[in-house]
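Read the structure below first, then the notes.
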Amino acid sequence: MATEENDEIEVDMSAENNITSINSDNVVESEQQSQSYSSKQHAEMLLKLRREKRTRKTKVTKLKHQLQKLCSIKDGNIDTAQIENCVSELWEILEETQLVMDEMSSLYLQMNDMKLHKEIMQESDT
């Protein structure tokens, strides 16, 4: 009788250990999945921010060419309104770009990538 009770207790303990082991495995898997999901989100967000940065850089280049064209007018009929318009557009793009770079910087901090964070901060200062 005592051995039957011991056998039942051992079976119960074994089942409980298996459940505990399964639960801890599930926790580890869910943490890995959330980290994977988080890195996937970071990668997608980073890609989006890099595209936005590239778009703004293209706009700056176009405006730069417009300003160079306006400044190269030789006949003395410089249209100051157009120049002021280009400068104000450049200023707006600069502000938008700063916001994008700030988002990139905070994303790099979340990813604990200090090298890229430092690079984006240096680029932001220039």
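Cβ-Cβ distances below 8 Å connect the following pairs, each with a first residue in the range 92-111 that is under 15 Å from Val60 (Cβ atoms), a second residue that is modelled with pLDDT under 85, and a separation of six or more residues or different chains: Gln98/Ser124; Met101/Ile120; Met101/Glu123; Met101/Ser124.
Please pick out the residue among Asp75, Asp102 that is part of a loop (DSSP other than H, G, I, E, B) and at negative phi. Please lay out each step first, then the result.
On the way: Asp102 fails: part of a loop (DSSP other than H, G, I, E, B).
Just a single option satisfies the conditions, and that option is Asp75.
Within the bounds of the range 105-126, is there any residue that is on the phi > 0 side of the Ramachandran plot, exposed (fewer than 12 other Cβ atoms within 10 Å of the Cβ), out of contact with any Pro (no Cβ under 7 Å at 6 or more places or on another chain) and not acidic (Asp, Glu)? Yes, the conditions are met somewhere in the range 105-126. All of (1) in contact with a Ser or Thr (Cβ under 9 Å, 6 or more places away or on another chain); (2) closer than 26 Å to Asn112 by Cα hold for Val60 with one exception: (2).
The values are calculated or read from the model by the stated rules, or taken from the named source; none is laboratory data. Here the structure is a predicted model, which means the values were calculated and not measured. Cβ sites come from the backbone with ideal geometry, for glycine too, and all protein chains shown count toward neighbours.
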